[in-house]
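Novice: Sharing a structure below in structure tokens format, with a few things to ask.
The values are calculated or read from the model by the stated rules, or taken from the named source; none is laboratory data. Since this is a predicted model, take the numbers as computed values, not measurements. Here the Cβ positions follow ideal geometry from the backbone for every residue, glycine too, while neighbour counts run over all protein chains shown.
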């Protein structure tokens, strides 16, 4: 069975749902961020799969989108983790259910 | 040959991602997060996008995973077990996966094989980055600098 | 005749593969890759064993004593004795340690070190695995070492291991930037990330005498020094071996490992040294090319391993000569000095290219590097006065 486009898209959908699972079910702030990263990676996989199987794969548009998406996701992960540390210093816990007050 | 490697890589990737999303032990989940990204990079290699795969390993496994484990270390009072798991999220995730798969399988125009393309060399990516995509490149540079400074300011302790 | 000696390993591999002509293509490819891997492992594990005893003997001679000289002629069979000792030691795992992480850490470090060895050209047509982004593969896989070091430190459930691992990671991440940025001028000038093309770009000889290696240009020399020092740090060698401690935190992240796992860490450090030296030779020292055109009859892999031996000797020499630096001195050095100098090398390489790549380009790029170096030295001066030494005796 040579992998067709549908197989890659199903894998990317599976990864996206797993990321969604992590975001919706986990109570630890860092793992919500991990779930977001997995969702972004699934979207990148989608882009690359469509670039590869598309009718005219000559201009590397899918590659470019994926590259910039990786860079931006890395920046967002860094800032997100810094925010988790900053919020931890105030609340002394990383359980997002306890972040319930706007007053600092 | 191609399909055997593909099946193994896909199974490992999805299993590692599932482990990252559901494991109780924080460190094990973070390390399987790194393993999932190695799997995704391998899938990129199979799709012919080697540069993106290597960039993924470099950035995610080499930097973001280290950041995540450091943050886990710095924000624990006890020896890291995550308490609480919301089962409603699992139902939503399964529903999303089901609907996506149904719509993919229903679309007949997606059941195509891979056309034969010339290998994408790094030179072409570099040429595209410097000609057609030079403005996004500069913007991403500014964004990364801003993220660097912002992350530092967020975490820096004020001097009393 | 010399050409066939040069290609003798390739011909041997072709002869071995000719036994498998009837099988499907994918099996022949897998067999070819396996032969490459076994040859690579055989050569480098032997080299590791040899270097481990030679290092002790060279260090010993620098310290005016003999090294190990009991086992075998001149002590050269010492690695066999060491190997047997490591293998029969009891494998102690701390009770509260995380078993999976503790087990996987040395395996991951060794696997990463061996993976990076696969993209270096060892001779004419003798690169084990040609990847178009070979240099990026090297650095991407090499940056996984940090995660493995963290796993080792955390999996041991020991405060001192954790502290050693944190220091090791801080040091390695800080020096990854100068390492990669000092490689950028070479990639810029050659226009490709493939190690084969980089070696091929250093092939000519000026006047038939001086080879056109990148180390003979001003930006190349500065970048090579930066690359070499960053390689020292990445392999955790003296003077940057704070993670290994040896008098401070026992063995840092490797404290709780005994027997074969410790030998694996040791092996991974040396293989990392080989990989970084090999990459330095590929990028700056002309790869497998001979230094003089007249000496081109000597096989290409002999030149590669000769240059590798010289670089390893310099590693051992530096270990025997310099004391250990403090961790804050190491970080200052990386961020305040090496990073600006690495950026300067890129600018100097661009100046060299656009001023014609000849004598004019050489002098202009030398000027750029000299200016930045002088300004940095003046800015970073610690203003410490040197006073005549005062001797104090117990009264």
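Novice: Just checking, how many residues over the stretch A:49-64 are closer than 22 Å to residue B:139 by Cα and either buried (at least 20 other Cβ atoms within 10 Å of the Cβ) or at pLDDT 95 or above (or both)?
Specialist: Filtering the stretch A:49-64 down to residues closer than 22 Å to residue B:139 by Cα leaves A:59-64.
Now narrow it down to the ones that are either buried (at least 20 other Cβ atoms within 10 Å of the Cβ) or at pLDDT 95 or above (or both): A:60, A:62-64.
Total meeting the criteria: 4.
Novice: Specify the residue that is surrounded by the most Cβ atoms within 10 Å (Cβ to Cβ); the eligible residues are those in the stretch A:89-103 that are within 9 Å of chain B (Cβ to nearest Cβ) and without any contact (Cβ under 8 Å) to a residue 40 or more places away in the chain. Give the steps one after another, and end with the answer.
Specialist: Quick first cut of the stretch A:89-103, residues within 9 Å of chain B (Cβ to nearest Cβ) only: A:89, A:92-95, A:97.
Pick out the ones that are also without any contact (Cβ under 8 Å) to a residue 40 or more places away in the chain and you get A:89, A:92-93.
Values: A:89: 12, A:92: 10, A:93: 15.
The residue in question is A:93.
Novice: Now for a separate question. Of the residues in the stretch B:90-139, how many are part of a helix (DSSP H, G or I) and at pLDDT below 85? Can you show your working first?
Specialist: Within the stretch B:90-139, the first condition is being part of a helix (DSSP H, G or I), and the residues that meet it are B:90-106, B:108-110, B:122-131, B:134-139.
In the following step, the residues that additionally are at pLDDT below 85 were identified as B:108-110.
The total comes to 3.
Novice: Let me ask something else about it. State yes or no: is residue A:11 in a helix (DSSP H, G or I) and in contact with a strand residue (DSSP E or B) (Cβ under 7 Å, 6 or more places away or on another chain)?
Specialist: The answer is no for residue A:11.
Novice: Related question: Assuming residue B:60 fulfils every condition listed in (1) out of contact with any helix residue (DSSP H, G or I) (no Cβ under 7 Å at 6 or more places or on another chain); (2) in a helix (DSSP H, G or I) apart from one, which condition is it?
Specialist: Status for residue B:60: all satisfied but (1).
Novice: Does residue C:107 satisfy being surrounded by fewer than 21 Cβ atoms within 10 Å (Cβ to Cβ), in a helix (DSSP H, G or I) and either at negative phi or within 11 Å of chain B (Cβ to nearest Cβ) (or both)? Before you say what the answer is, go through the steps one by one.
Specialist: Values: surrounded by fewer than 21 Cβ atoms within 10 Å (Cβ to Cβ): yes; in a helix (DSSP H, G or I): yes; either at negative phi or within 11 Å of chain B (Cβ to nearest Cβ) (or both): yes.
For residue C:107, the condition - surrounded by fewer than 21 Cβ atoms within 10 Å (Cβ to Cβ), in a helix (DSSP H, G or I) and either at negative phi or within 11 Å of chain B (Cβ to nearest Cβ) (or both) - is met.
Novice: Next up: For the stretch C:117-216, give me every one of the helices (runs of 4 or more DSSP H) that falls completely inside it and has 3 or more residues that are facing chain B (nearest Cβ under 9 Å) and touching a residue at least 40 places away in the same chain (Cβ under 8 Å). Before you say what the answer is, go through the steps one by one.
Specialist: On the way: elements: C:134-142, C:144-155, C:159-190, C:195-200.
In the stretch C:117-216, the matching helices (runs of 4 or more DSSP H) lie at C:134-142, C:144-155.
Novice: With the requirement that a residue be at negative phi, part of a loop (DSSP other than H, G, I, E, B) and modelled with pLDDT under 90, what does the stretch C:268-302 give you? Give the derivation first.
Specialist: If we filter the stretch C:268-302 for residues that are at negative phi, which is where we start, we get C:268-285, C:288-302.
Subsequent filtering for residues that are part of a loop (DSSP other than H, G, I, E, B) retains C:284-285, C:288-292, C:296-299.
Within the stretch C:268-302, C:288, C:289, C:290, C:291, C:292, C:296, C:297, C:298, C:299 qualify.
Novice: Any residue that is without any contact (Cβ under 8 Å) to a residue 12 or more places away in the chain and part of a helix (DSSP H, G or I) - is there at least one of those in the stretch C:62-69?
Specialist: Scanning the stretch C:62-69 turns up no residue that is without any contact (Cβ under 8 Å) to a residue 12 or more places away in the chain and part of a helix (DSSP H, G or I).
Novice: Right, another one. It is to be established whether one or more residues within the stretch B:3-13 are modelled with pLDDT under 85 and either closer than 25 Å to residue A:66 by Cα or surrounded by 17 or more Cβ atoms within 10 Å (Cβ to Cβ) (or both).
Specialist: Let us first name the residues in the stretch B:3-13 that are modelled with pLDDT under 85, namely B:3-5.
Now restrict to residues that are either closer than 25 Å to residue A:66 by Cα or surrounded by 17 or more Cβ atoms within 10 Å (Cβ to Cβ) (or both): B:3, B:5.
Yes, the stretch B:3-13 has at least one match.
Novice: Still on this structure, please answer the following. Looking at the structure I just gave you, is residue C:39 more than 30 Å from residue C:297 (Cα to Cα), modelled with pLDDT of 90 or more, under 27 Å from the mean Cα position of the chain (by Cα) and not in a loop (DSSP other than H, G, I, E, B)? Walk me through how you get there before you give the answer.
Specialist: Numbers: more than 30 Å from residue C:297 (Cα to Cα): no; modelled with pLDDT of 90 or more: yes; under 27 Å from the mean Cα position of the chain (by Cα): yes; not in a loop (DSSP other than H, G, I, E, B): yes.
No; evaluated as a whole, the condition is false for this residue.
Novice: Answer yes or no as to whether residue C:348 is at pLDDT 85 or above and either touching a strand residue (DSSP E or B) at 6+ places or on another chain (Cβ under 7 Å) or buried (at least 17 other Cβ atoms within 10 Å of the Cβ) (or both). Please lay out each step first, then the result.
Specialist: Details: at pLDDT 85 or above: yes; either touching a strand residue (DSSP E or B) at 6+ places or on another chain (Cβ under 7 Å) or buried (at least 17 other Cβ atoms within 10 Å of the Cβ) (or both): yes.
Yes; evaluated as a whole, the condition is true for this residue.
Novice: A further question on this structure: Before we move on, is residue C:82 modelled with pLDDT under 90, buried (at least 17 other Cβ atoms within 10 Å of the Cβ) and either more than 30 Å from residue C:137 (Cβ to Cβ) or outside the structural domain of residue C:263 (by TED's automatic domain parsing) (or both)? Lay out the reasoning, then the answer.
Specialist: Details: modelled with pLDDT under 90: yes; buried (at least 17 other Cβ atoms within 10 Å of the Cβ): yes; either more than 30 Å from residue C:137 (Cβ to Cβ) or outside the structural domain of residue C:263 (by TED's automatic domain parsing) (or both): yes.
Considered against the rule, which asks whether it is modelled with pLDDT under 90, buried (at least 17 other Cβ atoms within 10 Å of the Cβ) and either more than 30 Å from residue C:137 (Cβ to Cβ) or outside the structural domain of residue C:263 (by TED's automatic domain parsing) (or both), residue C:82 comes out as yes.
Novice: Give me a count of the residues in the stretch C:91-104 that are touching a residue at least 60 places away in the same chain (Cβ under 8 Å) and within 11 Å of chain B (Cβ to nearest Cβ).
Specialist: The number of residues fulfilling the criteria is 1.
Novice: Under 6 Å between Cβ atoms, which residue pairs at least 6 apart in sequence (or on different chains) link something in the stretch A:51-76 that is more than 7 Å from every other protein chain (Cβ to nearest Cβ) with a partner that is modelled with pLDDT under 95 and outside any helix (DSSP H, G or I)?
Specialist: A:51/A:57
Novice: Let me ask another. Please determine, by comparing only the residues of the stretch B:16-29 that are part of a helix (DSSP H, G or I) and over 11 Å from residue A:15 (Cβ atoms), which one is farthest from the other protein chains (Cβ to nearest Cβ). Give the derivation first.
Specialist: Initial filter on the stretch B:16-29 (part of a helix (DSSP H, G or I)): B:16-22, B:26-29.
Now restrict to residues that are over 11 Å from residue A:15 (Cβ atoms): B:19, B:22, B:26-29.
On the way: B:19: 10, B:22: 7, B:26: 7, B:27: 6, B:28: 7, B:29: 7 Å.
Among those that are part of a helix (DSSP H, G or I) and over 11 Å from residue A:15 (Cβ atoms), it is B:19.
Novice: Consider residue B:84 carefully, then state whether it is in contact with a strand residue (DSSP E or B) (Cβ under 9 Å, 6 or more places away or on another chain), surrounded by 18 or more Cβ atoms within 10 Å (Cβ to Cβ), within 7 Å of chain A (Cβ to nearest Cβ) and modelled with pLDDT under 90. So that I can check it myself, show each step before the final result.
Specialist: Working: in contact with a strand residue (DSSP E or B) (Cβ under 9 Å, 6 or more places away or on another chain): yes; surrounded by 18 or more Cβ atoms within 10 Å (Cβ to Cβ): no; within 7 Å of chain A (Cβ to nearest Cβ): yes; modelled with pLDDT under 90: yes.
No, not satisfied.
Novice: Still on this model: What number of residues in the stretch C:76-90 are part of a loop (DSSP other than H, G, I, E, B) and within 26 Å of the chain's Cα centre (by Cα)? It would help to see each step written out before you state the result.
Specialist: Here is the first cut: in the stretch C:76-90, the residues part of a loop (DSSP other than H, G, I, E, B) are C:76-77, C:88-90.
Pick out the ones that are also within 26 Å of the chain's Cα centre (by Cα) and you get C:76-77.
Here the count works out to 2.
Novice: Continuing with the same structure: Pull up the stretch B:30-46, narrow it to residues that are away from chain C (no Cβ under 11 Å) and free of Cβ contacts under 8 Å to residues at least 40 places away in the same chain, then point me to the one that is nearest to residue B:126 (Cα to Cα). Write out each step before concluding.
Specialist: Going residue by residue through the stretch B:30-46, those that are away from chain C (no Cβ under 11 Å) are B:36, B:39-40, B:42-44, B:46.
Next cut, free of Cβ contacts under 8 Å to residues at least 40 places away in the same chain only: B:36, B:39-40, B:42-44.
Working: B:36: 28, B:39: 25, B:40: 23, B:42: 22, B:43: 22, B:44: 18 Å.
Looking at the filtered set, the residue picked out is B:44.
Novice: Select from the stretch A:24-33 the residues that are within 7 Å of chain B (Cβ to nearest Cβ) and out of contact with any strand residue (DSSP E or B) (no Cβ under 8 Å at 6 or more places or on another chain) and list them in ascending order.
Specialist: Going residue by residue through the stretch A:24-33, those that are within 7 Å of chain B (Cβ to nearest Cβ) are A:24-28, A:30-31.
Result: A:24, A:30, A:31.
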